[in-house]
Protein chains: 2
Amino acid sequence: MSQYKVIGTRPIRPDGADKVTGRAIYSADLQLNGLVHGKILRSPHAHANIKKIDTSAAEKLPGVVAVATAADLPDSQDKMADLGEGAVNLAHLACNVLAHKKALYRGHAVAAVAAINPHVAEEALKLIKVEYEVLPVVMDVLEAMKPEAPLLHPDVFTDSMGKKADKPSNVAVHLHFEVGDVDAAFKKADVVIEREFKTASVHQGYIEPHVCVALWNEDRRLTVWTSTQGSFAARAQVSEILQIPVSQVTVVPCEIGGGFGGKISVYLEPVAAILSRKSGRPVKMTMNRTEVFEGTGPTPGSFMRVKLGATKDGKLVAGEAWLAYDAGAFPGGMIGPGCMCVFSCYELADARVDGYDVLANKPKTQPYRAPGATQAAFACETIIDELAEKLGIDPIDLRLKNAAKEGTRRVDGPVYPKIGLVETLEAAKNSDHWKSKLEGPNRGRGIAAGFWFNIGLKSAAAANVNNDGTVTLIEGSTDIGGSRASIAMQLAETLGIAAEDVKPRVVDTDSVGYTDVTGGSRVTFATGLAAYRVGLDLQKQMCERAALLWECKPEDVECADGVYKNNGHSITFKELAGKLHHTGGAVVGRAAVDAAGPTNGFGVQIADVEVDPDTGKVTVLRYTVLQDAGKAIHPSYVEGQMQGGAVQGIGWALNEEYIFDREGRMENASYLDYRMPTSLDVPMIDTIIVEVANPAHPYGVRGVGETPIVTPPATMANAIYRATGVRMRELPMSPPRLWKAMQK
Amino acid sequence: MSQYKVIGTRPIRPDGADKVTGRAIYSADLQLNGLVHGKILRSPHAHANIKKIDTSAAEKLPGVVAVATAADLPDSQDKMADLGEGAVNLAHLACNVLAHKKALYRGHAVAAVAAINPHVAEEALKLIKVEYEVLPVVMDVLEAMKPEAPLLHPDVFTDSMGKKADKPSNVAVHLHFEVGDVDAAFKKADVVIEREFKTASVHQGYIEPHVCVALWNEDRRLTVWTSTQGSFAARAQVSEILQIPVSQVTVVPCEIGGGFGGKISVYLEPVAAILSRKSGRPVKMTMNRTEVFEGTGPTPGSFMRVKLGATKDGKLVAGEAWLAYDAGAFPGGMIGPGCMCVFSCYELADARVDGYDVLANKPKTQPYRAPGATQAAFACETIIDELAEKLGIDPIDLRLKNAAKEGTRRVDGPVYPKIGLVETLEAAKNSDHWKSKLEGPNRGRGIAAGFWFNIGLKSAAAANVNNDGTVTLIEGSTDIGGSRASIAMQLAETLGIAAEDVKPRVVDTDSVGYTDVTGGSRVTFATGLAAYRVGLDLQKQMCERAALLWECKPEDVECADGVYKNNGHSITFKELAGKLHHTGGAVVGRAAVDAAGPTNGFGVQIADVEVDPDTGKVTVLRYTVLQDAGKAIHPSYVEGQMQGGAVQGIGWALNEEYIFDREGRMENASYLDYRMPTSLDVPMIDTIIVEVANPAHPYGVRGVGETPIVTPPATMANAIYRATGVRMRELPMSPPRLWKAMQK
């Protein structure tokens, strides 16, 4: 029997009815009196100096109420702004929102128009005359690193680590981590495998495009309704870009149709704000799908060289990784996690990792679910598979032999606390899937492991007790994957009441304490911790009320399972709630945490595939995702995260990629041509939740959402190898590419 | 120099820009997808049995989406529901919302229709066939008390004091208060004056009519956007009438265009909820002005007999009052305060008060600014004036001689703590107005005193510190008269920051702790107290953060005037706020209070009038309002309350009245015919704020909003007497009535 009453159950999600009936309010649903519509003019060139922008004809078009260019943005110094999930260079952020002097990628925003309807706004865009000086384009990460490559940023800038480079180059950041004596260690190895890998740029593929509404009030207060992963992060960016105090900006987080890391950075919000300031009207801006692809951030493509050495008995002795990720037009920030995660599943006393964040004429890259880890794991985990084959060791056993555990030090420094990789590998070994036979031609089974560190960071919450015994919970974490439920359940558990009796509510930035982004797999962990602390705060006050009733000391009131007791008296939470009006009024609880991450999520995935020898098409026959969730608060949503991450990873593995022509034009900027998997492309994904409690959380929660996307490309490549004998080292392993490889 | 930095200053109101630019969202502004419009069918008879309602033809009209009658309301037991400002009988509340079996006044809601637009809804109303059995009507309070009068409620019900009567009658409540030996005391008097008074029903005259939008969600959650004085009171009523838990109902308080007591009871909200439940659509309902007059509550008309005895030297020795207030169609609740306030300005060791709440075929009465006190003060204060004249004593001196003070016991029981009547009378005596000469024919100067007890009750608040040093303040008190400012200022004062650095926000019932209605002059006092406590809570946490920075004990950090200090270290609130992200994350404060009222507001008013002998028209030449505010947080809003209350009282005194015909039809149900004073009818009202600190509030605040309406009818009657020699004892003192009296 579970030690919990609420945690581990599967109540109906609080926002379920609203979502399925269409009542949930997304930014696009917003109607305001006097609303006008904004549109963005985007650069047709992937690299060009902007000599002149003439907006006069557009301004004269009847129905146009405002036109904006980078000239309307205040000068941004080269300073770093903390957006909750890492710092960004403010000048770059502003320049990505509206190009200043240079267009750095095709689709880069150059100007904007607001008009009485979207059609007039589009007509007006055509009247804006931009004089470009077209520059040579660099698209490939290795090309961009060459000294003779066209430079995106002629100025030296402060990188995301706060450092200034020596001279301008397209290498925005170079990271280096090293432990032990790597060269000596490789000499001890009986087998050394070194391989090169390439992965394409892929998009997060959220369903809802970027949409926002901004209203710049007469008293200079700005309200922004937007689809964002972090209302406070959006507030910070808007306030920094526009150089107005955060208290002047209210961000109302509307429902969000997916983000996966792609809805942390702002794009439209500051532009809509300027158009609203200039027109005095609320401005709505909506991207179409092509704008989403061309104007917002994919996650990096990469070139990687990874080398592993092992002894005959399967002990890994040395590792080396050289990772170059394309940053897009501005420093990207995904290389750091790539370096952290490349060898993170294994004990490696001697290892070296070099990481390069490389500028290219592509949209600025953005996080995508475990950003940077999937690429690195693709490299490492396929080499592990090759090693297992070469050494004649079962791939699970090889991983178990070298698995990171409590006390293992990672190449980038941290020493793991209690983690669950061994337990997850063992669960895989004992799984029906692994134990079952896979028969038939052109079929193969692959396995791989994956890691994402998960963050903690800052969350606030508050709660109010209703006199019917229910509790409203105020939180600042935008709910993308069911976190209203998983946070409310933790409060319910703490108070000993039913899940249904907690009514969660995601509110705007004026109505809750500072809360970091919904990202980094932090929400159920950190905002959940805040909810737990709110519960303790409420409980303390409820004890005081019971003490008033019984004329005893509050500290003498015992509370367990939602029942308050003292000296023969006993009252339930619900009954006590009914007496609040007569014992001092409302009971309000609050908490703010800066939660200690990482929570270290490990996963293992198993894939059975069949490869069509005539076309190279890969069919997934069976797929199992195993993961250490610490403690699954709402198992359905944990399973949903595991399934969703795996499917996104399968898409990344098999089909997804940005296809650019020589001038940097994306040739497949629509969901017809950018091939994400649909429900017809994958089987039902099986899930096995492993629970190795996180000691840093009262209910043992670890982050869940990101780990499952780390493993699929490696898992699929390993399965494809077993089916075809071909080792694929480039993503996507699309039919033409795989077919070609199979022909060799 | 003031002891305060923020309190007593006059910052710009936080909602000012929104109000003057039309951006503020009132319920009528609300647009929701699929919105339909509801309309109410009202009884054309003031008293009738409802034999049958046939809605079938209306239901068939194209465009109609739902029809509702009382049959759609759950059976309401005869139980009392606590609405924050007094209990109400639930069956009566429900029956007032949709008539059940009987229509009790002309305009009583009988059925409702929702349709795709208001015009179709109106057409549909015409298709509803109601079979009435018309009953005899009783409109006058004395007539209604006669045994042979038509009975409104044949059943005996529980009155608002929780008592059941012996037998059915139109007397809903009889109250009796007595102290000392009244009959003996009267024998000691040298002068005894006994007079009879009549006052008409008057309306609160808010600008915005009743409007609401209700959305009954598929998951049975109900959201109501409405113009209300109390979001939690509205939630309680809706939940009680519909018999669903309060946690199933969210009330979003939109901006409110005046209430004055008339927007505490619900009318449209439960009906809109039912129409939404039946149609699956959000339903908007808006009253027109005639519906407001005929379908919502005026404040009671009255018949009063008051007797006072005094010795030659001006000592009041005995008082007796017999007050009968018309309740309208259901028990009213205003008679209690009437009894409390009739002699409340004076020390009277021997006094007796009888109060009757009397049913009549008029809309159910509702509170109107100091409900019940104005009528009673009209009676008492004109007799005091007559006594002063008879005894040859200055009317201020007579009042000073008998003025209530700390320790005075009121006839209904309470003993006053520190109060400011004497100080206010002395301020009147020393005022330029009182000391100036009034010359010319047909002119006269009147003076009167008034009292309202003011309530305390329950308020909650929360606050979040932004990293720019500003604070957002979450409150549940709907802002009618500038309370966002007056509450925010108290938090700013507590924290030692600028008024502009607190950003107040009135939120819905899910987002703040239980907060009683905006009424009873309680908000600046009680919600202000909550804001002060929130400030202390924030300050404690800020000290902890400073202690972290300086590695000292939190209790060793001193804080004064927004500066935190320890051992040579010093940091301002703003600087410390900037460090929150690195010292543990958000700082969130919260408080809930059940504030100890009453706060006892006393006022004195002086009027100079000129009466046109040919028409009886009264022109106000000069008018001064003096009042003990305890401490004026934002003096402009205190002055505004004093001016607004006085002007409403002048309207009540001179012109306002419900004019009914014999069948109970209101003949002046529009603002063209119901003569409220406009800016052309009154001079600029002078104000003198007296500040005798309330010991029960850290800044000394007393309630302010209601006291100023108590005095005008008596003040005006006394002034008219001095101008004409005619003692007016019936309201309104309209030109025809005054002219007639002047002819005698």
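Can you give the accessible area of B:Ser459, probe radius 1.4 Å, in Å² rounded to 10? Counting only protein heavy atoms, B:Ser459 exposes about 0 Å² to solvent. In order along region A:251-264, the phi-based Karplus estimate (6.51 cos²θ - 1.76 cosθ + 1.60, θ = phi - 60°) of 3J(HN,Hα) comes to 9, 9, x, 6, 4, 10, x, x, x, 6, x, x, 10, 9 Hz; Gly and Pro are listed as x. The largest accessible area among B:His582, A:His581 belongs to the first residue in B:His582, A:His581, and the rest follow in falling order (1.4 Å probe, all chains). Here the sum of -39500 (n - 2.57) over DSSP H runs of 4 or more residues, divided by the residues of the protein assembly as shown, equals -8000 deg cm²/dmol at 222 nm, to the nearest 500. Here the contact order of region A:429-503, divided by its residue count and restricted to Cα pairs under 8 Å and six or more residues apart, works out to 20 percent. Dipole magnitude for the protein assembly as shown: about 900 debye, using +1 per Lys or Arg Cβ and -1 per Asp or Glu Cβ, origin at the Cα centre.
Relative contact order of region B:96-192, taken over Cα pairs closer than 8 Å and 6 or more residues apart, is 13 percent.
From the alpha carbon centroid of region A:6-75 to that of region B:600-626 is 58 Å. Note on surface exposure: B:Cys380, B:Cys559 rank B:Cys559, B:Cys380 by accessible area, highest first, 1.4 Å probe. Comparing the full protein assembly with the isolated chain (1.4 Å probe, heavy atoms, ligands and nucleic acids excluded), the residues of region B:450-471 losing at least 40 square angstrom of accessible area are B:Lys458, B:Asn464, B:Asn466, B:Asp468. Annotation note: GluC sites (Glu not before Pro) in region A:162-231 located in DSSP loop regions with a Cβ neighbour count of at most 15 within 10 Å are A:Glu218.
A:Asp614 label point (Cα plus 7 Å toward Cβ) to equivalent points in the other copies: 11.0 nm, shortest first. Around the amide H of A:Tyr132, modelled in the peptide plane, lie the amide H atoms of A:Lys51, all under 5 Å away and 5 or more residues distant in sequence or on another chain. The apolar share of the surface of chain B, taken as the fraction of accessible area on carbon and sulfur atoms (1.4 Å probe, ligands and nucleic acids excluded), comes to 51 percent.
Once B binds A, the 1.4 Å probe can no longer reach about 4400 Å² of accessible area, counting both sides. Ordered from highest to lowest accessible area with the whole protein assembly present and a 1.4 Å probe, B:Lys437, A:Lys364 read as B:Lys437, A:Lys364. The aspartates and glutamates whose alpha-carbon is closer than 16 Å to the alpha-carbon of A:Lys51, local same-chain residues fewer than 8 away aside, are A:Glu131, A:Glu133. Once the 1.4 Å probe is applied to the protein heavy atoms, chain B comes out at 34 Å² accessible per residue.
In plain terms, the chain from B:Ser636 to B:Lys52 could stretch by 204.8 nm, reckoned as 0.36 nm per residue minus the Cα-Cα distance. Within chain A, helices built from complete DSSP H runs that reach 24 Å or longer along their own axis (Cα positions) and carry a mean Kyte-Doolittle hydropathy of -1.0 or higher are A:373-391, A:528-550, A:635-654.
Each label was represented as a point 7 Å from its Cα along the Cα-to-Cβ direction; for B:Leu438 and A:Arg737 these points are 9.4 nm apart.
Region B:312-385 and region A:129-194 have their alpha-carbon centroids 86 Å apart. Working note: Karplus 6.51/-1.76/1.60 with θ = phi - 60° gives region B:46-61 the couplings 7, 7, 6, 6, 9, 7, 6, 10, 10, 9, 4, 5, 5, 4, 7, 5 Hz, where Gly and Pro are set to x. Enumerate by residue number the GluC sites (Glu not before Pro) in region B:87-169 meeting two conditions: DSSP loop (anything except H, G, I, E, B), and at most 13 other Cβ atoms within 10 Å of the site's Cβ. In loop regions of region B:87-169 (DSSP not H, G, I, E or B), the sparsely surrounded GluC sites (Glu not before Pro) are B:Glu148.
Loop-resident trypsin sites (Lys or Arg not before Pro) (DSSP state other than H, G, I, E or B) in region A:146-250 with no more than 12 further Cβ atoms inside 10 Å of their Cβ: A:Lys163, A:Arg220. For A:Lys565, the aspartates and glutamates whose Cα falls under 17 Å of its own Cα, not counting residues fewer than eight places away in the same chain, are A:Glu544, A:Glu551, A:Glu555, A:Asp556, A:Glu575. Where in region B:503-534 does accessible area fall by at least 40 Å² between the isolated chain and the complete protein assembly, at a 1.4 Å probe radius? So the qualifying set is B:Lys503, B:Arg505, B:Asp510, B:Ser511, B:Tyr514. Taking 31 Å as the limit for the C-alpha separation, the pairs A:Lys146/A:Lys284; A:Lys101/B:Lys503; A:Lys362/A:Lys429; A:Lys198/A:Lys263 exceed it in the case of A:Lys146/A:Lys284; A:Lys101/B:Lys503; A:Lys362/A:Lys429. Placing a label point 7 Å from the Cα of B:Ala596 along the Cα-to-Cβ direction, the residues of region B:687-710 whose backbone N falls under 15 Å of that point are B:694-701.
Distances from B:Lys187 to itself in the other copies, using label points 7 Å out along the Cα-Cβ axis, amount to 12.6 nm in increasing order. FRET efficiency for the pair A:Leu35 and B:Glu555, taken as 1/(1 + (r/R0)^6) with r the Cβ-Cβ distance and R0 = 41 Å, rounds to 0.20. Shortest first, A:Lys565 label-point distances to identical copies amount to 5.2 nm, with the label point at 7 Å from Cα along Cα→Cβ. Taking a straight Cα-Cα cut-off under 19 Å and skipping sequence neighbours fewer than 8 places away in the same chain, the lysines within cross-link reach of B:Lys278 are B:Lys39, B:Lys60.
Judged by the gyration tensor of its Cα atoms, with axes a ≥ b ≥ c, chain B is oblate; a/c meets the 1.5 cut and b/c is at least as large as a/b. Across chain B, the mean sequence separation of Cα contacts (distance under 8 Å, 6 or more residues apart), normalised by length, yields a relative contact order of 15 percent. The string of couplings for region B:350-367 from the Karplus curve (6.51, -1.76, 1.60, θ = phi - 60°) is 10, 7, 9, 9, 10, x, 10, 9, 10, 6, 8, 7, 10, x, 4, 5, 9, x Hz, one whole number per residue in order, with x for Gly and Pro. Count Lys and Arg as plus one, Asp and Glu as minus one, and take only other residues whose Cβ is under 10 Å from that of B:Asp686; the net charge is then -1.
The values are calculated or read from the model by the stated rules, or taken from the named source; none is laboratory data. None of the values given here were measured: they were computed from a predicted structure. When we count neighbours, we look across all protein chains shown, and the Cβ atoms used for this are built from the backbone with ideal geometry, even at glycine. Just the protein is used for accessible areas: all its heavy atoms, side chains included, with ligands, DNA and RNA removed. Shrake-Rupley method; radii C 1.70, N 1.55, O 1.52, S 1.80 Å.
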